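The structure appears below as structure tokens.
Values quoted throughout were computed directly from the atomic coordinates according to the rules given, and no laboratory measurement underlies them. Worth saying up front: this structure is predicted, and the values here are computed from it rather than measured. Virtual Cβ from ideal backbone geometry, glycine too; neighbours counted across all protein chains shown.
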Amino acid sequence: MKLIVQRVKYASVTIDGKVHGKIDQGYMILVGIQNEDTREIVEKMANKIAKLRIFTDEEDKMNLDLHQVNGSILSISQFTLYADCHKGNRPSFSHAGKPDIAKPLYLYFNDCLRKDGFCVEEGIFGADMKVELLNDGPVTIILDSDVDIRH
């Protein structure tokens with residue numbers, strides 16, 4: 001599982017010309033699932049997000065988590081995080097999770113975050129989405145389950 005976490009002032013996702021999800025301060029997270037991912041991995045990654053401290057405190061140090069700033073999450077499924085460009089110039093997505101595996105795990109990830117008390121807006125799995133955001137900092141963190149939770 002790979003996550004691209006951007007600290008944002010606001011973010012929204014538009015599908016077919018209509019805003020489908022919108023948040024103010026918080027995280028815009030691109031969520032990539034691979035076939036080997038499990039509910040256990042998803043739970044660990046959601047826990048990592050819940051405890052991630054990338055908001056600044058009164059001393060301008062990244063010390064505060066999402067709960068402490070009353071932030072929200074915009075979660076977007078993103079199979080292209082598993083693009084493989086080793087051969088040629090056209091990416092292969094063979095490492096990306098198949099929809100029958102990835103979609104339930106993506107939805108479960110969002111549910112895990114909601115159980116942690118976060119307001120979670122989301123895109124639609126597999127849809128053509130337009131994402132707009134104002135990256136705050138800019139702060140962008142890459143989390144990879146193979147590295148960050150060592151399963």
statement: Of the residues in the range 48-57, those that are surrounded by 13 or more Cβ atoms within 10 Å (Cβ to Cβ) and free of Cβ contacts under 8 Å to residues at least 60 places away in the same chain number 3
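Quick grid of which residues meet (1) under 20 Å from Lys44 (Cα atoms); (2) over 12 Å from the mean Cα position of the chain (by Cα); (3) loosely packed, with under 15 Cβ neighbours inside 10 Å:
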{"position": "Tyr82", "(1), (2), (3)": "yes, yes, no"}
{"position": "Pro91", "(1), (2), (3)": "no, yes, yes"}
{"position": "Ser94", "(1), (2), (3)": "no, yes, yes"}
{"position": "Ile101", "(1), (2), (3)": "yes, yes, no"}
{"position": "Tyr106", "(1), (2), (3)": "yes, no, no"}
{"position": "Asp128", "(1), (2), (3)": "no, yes, yes"}
{"position": "Leu134", "(1), (2), (3)": "no, yes, yes"}
query: Taking interchain pairs and intrachain pairs at least six residues apart, which have beta carbon atoms under 7 angstrom, with the first residue in the range 128-151 and assigned to a strand (DSSP E or B) and the second among the aromatic types (Phe, Trp, Tyr)?
result: Leu133/Tyr10; Leu134/Tyr10
task: Scan the range 1-47 residue by residue and report those that are of a type in the set (Ser, Thr, Tyr), surrounded by fewer than 18 Cβ atoms within 10 Å (Cβ to Cβ) and either in contact with a Ser or Thr (Cβ under 9 Å, 6 or more places away or on another chain) or under 18 Å from His95 (Cα atoms) (or both).
output: Thr38
message: Which residue is farthest from Cys119 (Cα to Cα), if the candidates are limited to the range 77-109 and must be of a type in the set (Phe, Trp, Tyr) and in contact with a Phe, Trp or Tyr (Cβ under 7 Å, 6 or more places away or on another chain)?
response: Phe93
